[in-house]
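The values are calculated or read from the model by the stated rules, or taken from the named source; none is laboratory data. Since this is a predicted model, take the numbers as computed values, not measurements. FYI the Cβ positions are ideal-geometry reconstructions off the backbone, even for glycines, and counts take in every protein chain you see.
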Amino acid sequence: MSGTDELFPDATPLPGAAVPPPPPVTGEPGDAAPGAAPAPARRRRGIGAAAFVLGLLAILGDLIGVAIALFALMGALGNVGQILSTNIDNSLGALLGVVVVELIVFFGGILFGGLAVILGIVAAARNRGRVLGVFGVIFGLVVLLSHVALWISTAMSGNVPGVTS
């Protein structure tokens, strides 16, 4: 007996009252009726969605990093006289903060872009969200190629201490 039957032993349905049907029994897929068609398996898109999200985050992180760098540069150029004459310590601290943020954005973009490419290829190969996986590969490759181009151009510019061309 169920717990409610023990609490209310004399609870019987009234004559003519509708009795709810029993809940369906869930079991193994082989337990279905012989003539019934098996339920179609639900397609999983988790890997492709993860590749897409990582690629999108890599692109958005790069755009935010570029915006931070542009605003810092515009602020520095607009107040260059004041910065050099009065408050050099605060200006160097702000510059160091921007450099640290840009390094995080740069290497985070490489990490997210690389993961997006790998997961996108796996998703396309296993048919686990193929369309989202392809977009993840595209976004990841765009980020990776832009970061490699930035890295090479910085190394070849001759303005980086310790790096010779």
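Observations, loosely collected:
- Yes/no for Val105 being in contact (Cβ under 8 Å) with a residue 12 or more places away in the chain, surrounded by 11 or more Cβ atoms within 10 Å (Cβ to Cβ) and among the β-branched types (Val, Ile, Thr): yes
- When restricted to residues that are of a type in the set (A, V, I, L, M, F, W, C) and in contact (Cβ under 8 Å) with a residue 40 or more places away in the chain, the stretch 135-150 contains 7.
- Single match in Leu70, Leu96, Leu60, Leu84 (criterion: loosely packed, with under 15 Cβ neighbours inside 10 Å, of a type outside the set (D, E, K, R), at pLDDT below 75 and part of a helix (DSSP H, G or I)): Leu84
Okay, residues lined up against (1) at pLDDT below 80; (2) surrounded by 10 or more Cβ atoms within 10 Å (Cβ to Cβ):
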residue: Pro29; (1), (2): yes, no
residue: Ala37; (1), (2): yes, no
residue: Arg43; (1), (2): yes, no
residue: Gly48; (1), (2): no, yes
residue: Leu54; (1), (2): no, yes
residue: Val66; (1), (2): no, yes
residue: Val80; (1), (2): yes, yes
